[in-house]
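Beneath this line is the structure, given in structure tokens, with notes to follow.
The values are calculated or read from the model by the stated rules, or taken from the named source; none is laboratory data. Not measured: the values here are computed from a predicted model.
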Amino acid sequence: MAKNKYTFQKRQKELAKKKKKEEKRQRKLENREKATGETEDTNQDDQNQDDQNPS
């Protein structure tokens, strides 16, 4: 009987690890998108300011 309990616990641990890894991957993806979006927005703002103030 103990073997079944062990395999169940092992499977639950594996599932928890997999879920945590997927959540971490999603966070990294979101952070990458934010960083890319912010740099693009910043670059566009800089270009717009340069166009308005041609000194």
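Of the candidates T42, T7, the single residue that is at pLDDT 65 or above and of a type in the set (S, T, N, Q) is T7. Return yes when K13 is modelled with pLDDT of 95 or more and within 17 Å of the chain's Cα centre (by Cα) and no when it is not. Spelling it out, it is not the case that K13 is modelled with pLDDT of 95 or more and within 17 Å of the chain's Cα centre (by Cα).
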